[in-house]
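Asker: One structure coming up, written as structure tokens, with questions to follow.
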Protein chains: 2
Amino acid sequence: MENRIEKIKKQLHSQSYKLTPQREATVRVLLEHEEDHLSAEDVYLLVKEKSPEIGLATVYRTLELLSELKVVDKINFGDGVSRYDLRKEGAEHFHHHLVCVECGSVKEIEEDLLGDVEKIVESQWEFKVKDHRLTFHGICKKCQSHDDDK
Amino acid sequence: MENRIEKIKKQLHSQSYKLTPQREATVRVLLEHEEDHLSAEDVYLLVKEKSPEIGLATVYRTLELLSELKVVDKINFGDGVSRYDLRKEGAEHFHHHLVCVECGSVKEIEEDLLGDVEKIVESQWEFKVKDHRLTFHGICKKCQSHDDDK
DNA sequence: TGTCAAATTATAATTATTTTAATTTATAAC
DNA sequence: GTTATAAATTAAAATAATTATAATTTGACA
């Protein structure tokens, strides 16, 4: 964990930003909840447990900054809140998501399934792809088996 | 155009909703701007030109209703506003989007490029796919040629 | 150590959307 | 056709998410 913070610190410094205590606290929360898809408010409340003096606006600014540096990805599942995910180390692409419409759980797919599709888009629509967002809405494994009970 | 309105009317009736004048005016605006990706506010302003007495809340409720009936798709490009797209007639799937990060233009791909990917997701993650959202962020053809000028 | 820029805080403002309560409209029973 | 009933609409207020503002603090460095 510490070395990932070190890395992020260097990334910030390379763009002449500093890793302030508030920013560090925010990053730590993100690291501790890598599996979740936290909203800004979620992050704020978690950071507040450790550093009660932090302000919500700072969390927003920090997340925005981390998003610009591609340390986190800002996603929107259409529920009106932005969520922030740490990019996996070395991950080039934005990972995909499986959102269950029954229980609301969100699972991540880290594999890049879009290689071929991107090639098609680039050649057929002459569109230079920089990034992508892919979300599937459906029913997760768990809910499928629950449905059997009925 | 009229027969598409007829169809939507029937769809509403089948769920015991009515096609009120306000709803009809809203649908007409959507039909007239099929290529665009209008926000609720955009729709409201356009509807207002023809039916100045309509309220914003009604537009929201109508769009929400149409979205439930799968007449329109509600999308979010991450800019903080929800946008509403009429589903193409008979279109089973949610179409894909190409968002240009330079000029902000949005292009639609109606072809479904995800057939294979969905199969993989269904078998490998045991996730029953109902719908998907796929957006590419990148540089559109026009902006690519502009960049050459520099 | 004093100075300057960057960062933070608390608060207010803004934007998008939803809710509420009152009113209108349409549907259907009589 | 009136009257009762439910659905839909309006205008206004409320809420939720996010951003901007102004004052203050922090930290790097001359």
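Asker: Of all residues in the range A:106-150, which are surrounded by 15 or more Cβ atoms within 10 Å (Cβ to Cβ) and of a type in the set (Val, Ile, Thr)?
Answerer: A:Val106, A:Ile109, A:Val117, A:Val121, A:Val129, A:Thr135, A:Ile139
Asker: For the range B:63-81, state whether one or more residues are within 16 Å of DNA strand D (Cβ to nearest atom), more than 14 Å from every other protein chain (Cβ to nearest Cβ), β-branched (Val, Ile, Thr) and outside any loop (DSSP other than H, G, I, E, B).
Answerer: No, the range B:63-81 has no match at all.
Asker: Restricting to the range B:93-105, count the residues that are over 17 Å from the mean Cα position of the chain (by Cα) and open to solvent by less than 10 Å² (accessible area, probe 1.4 Å).
Answerer: 1
Asker: Which residues, counting only those in the range B:115-134, are within 7 Å of chain A (Cβ to nearest Cβ) and either outside any strand (DSSP E or B) or in contact (Cβ under 8 Å) with a residue 60 or more places away in the chain (or both)?
Answerer: Of everything in the range B:115-134, those that are within 7 Å of chain A (Cβ to nearest Cβ) and either outside any strand (DSSP E or B) or in contact (Cβ under 8 Å) with a residue 60 or more places away in the chain (or both) turn out to be B:Val117, B:Ile120, B:Val121, B:Trp125, B:Glu126, B:Phe127.
Asker: Next up: On the given criteria, is B:Ser82 over 24 Å from B:Lys141 (Cβ atoms) and within 13 Å of DNA strand C (Cβ to nearest atom)?
Answerer: Here the answer is yes, as B:Ser82 does meet what is asked.
Asker: Could I ask something else about it? If a residue has to be within 17 Å of B:Gly80 (Cβ to Cβ), within 8 Å of DNA strand C (Cβ to nearest atom) and either surrounded by 15 or more Cβ atoms within 10 Å (Cβ to Cβ) or touching a residue at least 12 places away in the same chain (Cβ under 8 Å) (or both) to count, how many in the range A:60-79 make the cut?
Answerer: 0
Asker: Taking the range B:26-45, which residues are open to solvent by 40 Å² or more (accessible area, probe 1.4 Å) and either more than 9 Å from DNA strand C (Cβ to nearest atom) or within 14 Å of another protein chain (Cβ to nearest Cβ) (or both)?
Answerer: The answer is B:Arg28, B:Glu32, B:His33, B:Glu34, B:Glu35, B:Asp36, B:Asp42, B:Leu45.
Asker: Also, I was wondering about something else. Taking the range B:5-48 only, how many residues are touching an Asp or Glu at 6+ places or on another chain (Cβ under 7 Å) and either of a type in the set (S, T, N, Q) or in a helix (DSSP H, G or I) (or both)?
Answerer: Result for the range B:5-48: 1.
Asker: Suppose we filter the range B:4-15 for residues that are within 13 Å of DNA strand D (Cβ to nearest atom) and either outside the structural domain of B:Val71 (by TED's automatic domain parsing) or farther than 12 Å from B:Leu65 by Cα (or both); how many remain?
Answerer: 3
The values are calculated or read from the model by the stated rules, or taken from the named source; none is laboratory data. None of these values were measured; they are calculated from a predicted model. Note that we place each Cβ from the backbone using ideal geometry, even for glycine, and neighbour counts take in every protein chain shown. Please note that ligands, DNA and RNA were not included when accessible areas were found on the heavy atoms of the full protein model with its side chains. Shrake-Rupley method; radii C 1.70, N 1.55, O 1.52, S 1.80 Å.
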